[in-house]
1. Does T27 count as part of a strand (DSSP E or B) and either at pLDDT 95 or above or more than 30 Å from A236 (Cβ to Cβ) (or both)?
2. Being at pLDDT below 95 and outside any helix (DSSP H, G or I) is the filter here; which residues of the stretch 1-24 pass it?
3. List the pairs whose first member sits in the stretch 1-21 and is under 17 Å from M41 (Cα atoms) and of a type outside the set (V, I, T), whose second member is part of a helix (DSSP H, G or I) and near the ligand (Cβ under 9 Å from one of its atoms), and whose Cβ atoms are under 6 Å apart, counting only residues at least 6 apart or on separate chains?
4. How about the stretch 22-41: which of its residues are buried (at least 24 other Cβ atoms within 10 Å of the Cβ) and either touching a residue at least 40 places away in the same chain (Cβ under 8 Å) or within 14 Å of the chain's Cα centre (by Cα) (or both)?
5. Got a number for residues in the stretch 250-271 being assigned to a helix (DSSP H, G or I) and surrounded by 17 or more Cβ atoms within 10 Å (Cβ to Cβ)?
6. List every residue pair whose Cβ atoms lie under 7 Å apart, where the two residues are 6 or more positions apart in sequence or sit on different chains, the first residue falls within the stretch 212-236 and is closer than 13 Å to L184 by Cβ, and the second residue, located anywhere, is at pLDDT below 95 and among the charged types (D, E, K, R).
7. Filter the stretch 221-243 down to residues that are assigned to a loop (DSSP other than H, G, I, E, B) and polar (S, T, N, Q) and give me whichever is surrounded by the most Cβ atoms within 10 Å (Cβ to Cβ).
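The values are calculated or read from the model by the stated rules, or taken from the named source; none is laboratory data. Every value quoted in this text rests on a predicted model; they were computed, and no experiment measured them. Glycine gets a Cβ as well: all are built from the backbone with ideal geometry, and neighbour counts include every protein chain shown.
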Amino acid sequence: MSEAMLNNPGLGTYRLKDDVAYQAVTTALALGYRTIDTAQMYDNEAAVGKAIADSPVSREEVFVTTKVWVDQLSREHFRRSVEQSLSRLNMNQVDLLLVHWPAPEGGIPMAEYLGELKAAQEAGLTRHIGVSNFTIAQIDEALSILGPNSLLTNQVEIHPYLPNRKLVEHCQKHDILVTGYMPLAVGRVNDDPVLNAIAENKGVKPAQVALAWIKQRGIITIPSSTRHEHLHSNLAAMDLELTVSESARIDRLGYGLRLANPSFAPAWDLD
Ligand SMILES: NC(=O)c1ccc[n+]([C@@H]2O[C@H](COP(=O)([O-])OP(=O)(O)OC[C@H]3O[C@@H](n4cnc5c(N)ncnc54)[C@H](OP(=O)(O)O)[C@@H]3O)[C@@H](O)[C@H]2O)c1
């Protein structure tokens, strides 16, 4: 499964609402995407679920991820929020359920919400479980609570300006797949001189170079797009191969730029 996910990007759906989300998912599935990433917080689970249901691609072929928002992590709210997600998605089960952010320091204990996450899996509400925005220390704490091989993925911000090397290495050492969000740094890669130079040399686009660099690090990507041309190009990027020297040039672009950094974010690992 990890091989298939590495070779086929997921479709990110953050910011896409209503018909825009419906159309993006519909186009992506028609083009060959088979992983769709949504979240309670994106307010688009209903549109995403409808697009999947209306698609000629069968539900079994699509890997659907949703995420529990930070205000739903307590024992009191967790299960009900997952049931509500499933109801909006019009599904009996998702393929992957993530804790969207670790609870802010001093809030709900990790054992409480990871216990709920595991219970949701045992109840059949999700096939796999995972986390998002967890640091190295939080991954260690999670593994001490749930045991080894319990988490499928840690979904974190990864793009050429934030390589997140230590965290990636730590997750991979523990057989936790890394999913890289905001892989295009929300469009910033398009104007990057180094990525443009590499792209021009290969006859491709800078966004494709960024996605290929992430894939070559063994990281799953979930770029988002509302445009047919971009969705197609992002899929085609999985066939692109970068040389060692091209990858090394991109490695040097990292400077710790964080685009997702809310007030409740954990104490990030430094690269
Ligand atoms: N777990 C978390 O906390 C978390 C946080 C943030 C994001 N995410 C997930 O990660 C996904 C991706 O992140 P993101 O959507 O914020 O940012 P992104 O994928 O890095 O960038 C999306 C932007 O890039 C443009 N774009 C896409 N493909 C392009 C291409 N081939 N050429 C030029 N421009 C292109 C899109 O515009 P067009 O629509 O015009 O193509 C859009 O403006 C999200 O949708 C969400 O599912 C998760």
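1. No, not satisfied.
2. Those that are at pLDDT below 95 and outside any helix (DSSP H, G or I): M1, N8, P9.
3. Y14/Y42; L16/A24
4. Across the stretch 22-41, the qualifying residues are A24, A28, I36, D37, T38.
5. Looking only at that region, the number is 1.
6. Every condition considered, no pair remains.
7. Ranking the qualifying residues of the stretch 221-243, first place goes to S224.
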